[in-house]
Amino acid sequence: MRRYGMVIGARPEKIDEYKALHADPWPGVLEKLREHHVANYSIFHHADLLFGYFEYHGDDFAADMAAISKDPLTQQWWQATDPCQSRLPTAGDSEWWASMEQIFFML
């Protein structure tokens, strides 16, 4: 299992919409994440930032993320949620959410 942390900007005028979407997420999107070994997924909000955390329990992260990104329902979900976010300048060239380095873990 590998832990992933990521961060992205939150558009202040869209944060209520973003929270409403995540208060009732689309079951098919959640099912697709589970199907591709994503678990314990959380998103936190502070000021103009969103912090995401999830655990990956598979063997081929790149292939699983590619399969999720090709899912038509997930693509529709992103069309609804992406306008609520703003990509950070520190994100990698191919990243929407900027990856974070884990520096501490307590079990």
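All of the numbers you see were taken from the coordinates with simple rules; none came from a lab. Quick caveat: nothing in here was measured; it's all calculated off a predicted structure. Neighbour counts run over all protein chains shown; Cβ positions are idealised from the backbone, glycine included.
Taken over the range 15-45, residues that are under 10 Å from ALA80 (Cβ atoms) and of a type outside the set (A, V, I, L, M) amount to 3. Applying the condition of being under 17 Å from MET100 (Cβ atoms) and without any contact (Cβ under 8 Å) to a residue 60 or more places away in the chain to the range 2-41 and asking which residue is farthest from the chain's Cα centre (by Cα) yields ARG2.
Taken over the range 31-61, the criterion of being assigned to a helix (DSSP H, G or I) and either touching a strand residue (DSSP E or B) at 6+ places or on another chain (Cβ under 7 Å) or among the acidic types (Asp, Glu) (or both) is satisfied by GLU31, LEU33, GLU35.
Any chance you could count how many residues in the range 49-67 are among the charged types (D, E, K, R) and closer than 18 Å to GLU95 by Cβ? Quick ask: steps written out before the conclusion?
Taking the range 49-67 as the starting set, the residues that turn out to be among the charged types (D, E, K, R) are 55, 59-60, 64.
From what's left, closer than 18 Å to GLU95 by Cβ: 64.
Total satisfying the criteria: 1.
ALA91 meets each of the listed conditions (1) assigned to a helix (DSSP H, G or I); (2) closer than 25 Å to PRO12 by Cβ apart from (1). For the range 22-41, the tally of residues that are among the small types (Gly, Ala, Ser) and surrounded by 11 or more Cβ atoms within 10 Å (Cβ to Cβ) stands at 2.
Could you list all residues from the range 42-64 that are hydrophobic (A, V, I, L, M, F, W, C) and under 11 Å from the mean Cα position of the chain (by Cα)?
If the condition is that a residue be hydrophobic (A, V, I, L, M, F, W, C) and under 11 Å from the mean Cα position of the chain (by Cα), then ILE43, PHE44, LEU50, PHE51, PHE54 are the ones that fit.
Is it the case, given these coordinates, that ASP16 is part of a helix (DSSP H, G or I) and among the charged types (D, E, K, R)? Considered against the rule, which asks whether it is part of a helix (DSSP H, G or I) and among the charged types (D, E, K, R), ASP16 comes out as yes. When the residues of the range 42-65 are filtered to those that are of a type in the set (Ser, Thr, Tyr) and surrounded by 15 or more Cβ atoms within 10 Å (Cβ to Cβ), the one that is farthest from GLN102 (Cα to Cα) is TYR56.
Take ASP60 and decide whether it is among the acidic types (Asp, Glu) and more than 18 Å from ALA20 (Cα to Cα).
Values: among the acidic types (Asp, Glu): yes; more than 18 Å from ALA20 (Cα to Cα): yes.
Yes, satisfied.
I'd like to know if the range 62-76 contains one or more residues that are of a type in the set (A, V, I, L, M, F, W, C), touching a strand residue (DSSP E or B) at 6+ places or on another chain (Cβ under 7 Å) and in a helix (DSSP H, G or I). There is no residue in the range 62-76 that is of a type in the set (A, V, I, L, M, F, W, C), touching a strand residue (DSSP E or B) at 6+ places or on another chain (Cβ under 7 Å) and in a helix (DSSP H, G or I).
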